[in-house]
1. Does G159 qualify as being touching a helix residue (DSSP H, G or I) at 6+ places or on another chain (Cβ under 9 Å), surrounded by fewer than 14 Cβ atoms within 10 Å (Cβ to Cβ) and modelled with pLDDT of 90 or more?
2. What number of residues in the stretch 118-146 are crowded, with 16+ Cβ neighbours inside 10 Å, more than 19 Å from K71 (Cα to Cα) and not basic (K, R)?
3. Tell me which residues, restricted to the stretch 12-42, are touching a residue at least 40 places away in the same chain (Cβ under 8 Å) and closer than 28 Å to L146 by Cβ.
4. Which numbered condition trips up F89, out of (1) loosely packed, with under 15 Cβ neighbours inside 10 Å; (2) farther than 16 Å from Q64 by Cα?
5. Looking only at residues in the stretch 51-67 that are small (G, A, S) and either more than 20 Å from V40 (Cβ to Cβ) or part of a loop (DSSP other than H, G, I, E, B) (or both), which one is nearest to the chain's Cα centre (by Cα)?
6. Residues of the stretch 71-103 being charged (D, E, K, R) and modelled with pLDDT under 95, which ones?
7. For F75, all conditions in the list (1) of a type in the set (F, W, Y); (2) within 18 Å of L19 (Cβ to Cβ); (3) in contact with a Pro (Cβ under 7 Å, 6 or more places away or on another chain) hold save one; what is the number of the exception?
8. So the check is Cβ under 8 Å with 6+ separation or different chains; which pairs have a first residue in the stretch 92-107 that's in contact (Cβ under 8 Å) with a residue 24 or more places away in the chain and a second one that's aromatic (F, W, Y) and in a loop (DSSP other than H, G, I, E, B)?
Amino acid sequence: MSLLDYSTRVDHTGGMRVLLKLVLDCDPDDAWRAIRSPHVFQEVSHPLTQFKSLEVGGFPELWQPGEHPVKVSAFGRFTIGQQIIRISFDDDEPGIRIMRDTGRGLSGPLALVSQWNHSMAISATPDGRTLYRDRLNFNAGLLSPLVWPMYWAFWQWRGAALKRLAPTWSWGTTRRTNLSL
């Protein structure tokens with residue numbers, strides 16, 4: 001298995017799919033906390049995209065189930081639009097924790113995507129590290145094949161950032177990261 005194992009194909013709805021599978025050098029509990037952190041979300045997206053919370057009081061410490069409106073910009077300079085991040089959690093399968101975002105774009109180019117289903121799964125590897133699986137299914141109609149390369153490139157960026165940051169995620173007695181979680 002490569003560090004950044006990805007594939008694409010048309011999904012059952014006629015939309016597009018981006019898959020990412022990698023092993024993170026951290027404990028699964030630390031990875032689970034990290035993917036639920038809006039701060040980590042911003043960190044792995046920077047500088048390609050930046051997100052500003054539109055919620056009163058800003059981003060929560062950890063994502064909670066429900067809708068979270070954000071403003072999205074490219075490189076911190078060009079507004080892409082607003083979107084809703086709709087978070088839910090699934091732990092029905094033993095040993096696997098899943099966070100889902102089934103939000104939608106509200107304005108700008110983000111509103112072109114009519115279907116969005118993003119899931120991130122965390123489980124343990126036999127050696128105690130983290131198996132991270134990330135799947136995005138989206139549909140932007142006839143524009144899907146044109147939008148796919150941008151999402152694919154962004155997912156590769158995020159994957160590399162997750163690999164780089166994972167060893168710093170430790171929320172036990174000794175904290176090895178400067179992330180303000």
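The values are calculated or read from the model by the stated rules, or taken from the named source; none is laboratory data. This one's a predicted model, so the numbers in the text were calculated from it and none came from an experiment. Please note: Cβ atoms are built from the backbone with ideal geometry, for glycine as well, and neighbour counts cover all protein chains shown.
1. Criteria not met by G159.
2. The total comes to 15.
3. T13, G14, G15, M16, R17, V18, L19, L20, K21, L22
4. Status for F89: all satisfied but (2).
5. Within the stretch 51-67, the match that is nearest to the chain's Cα centre (by Cα) is G58.
6. Hits for the stretch 71-103 are R77, D90, D91, D92, E93.
7. Among (1) of a type in the set (F, W, Y); (2) within 18 Å of L19 (Cβ to Cβ); (3) in contact with a Pro (Cβ under 7 Å, 6 or more places away or on another chain), the lone unmet condition for F75 is (2).
8. Within 8 Å, the pairs are M99/W63.
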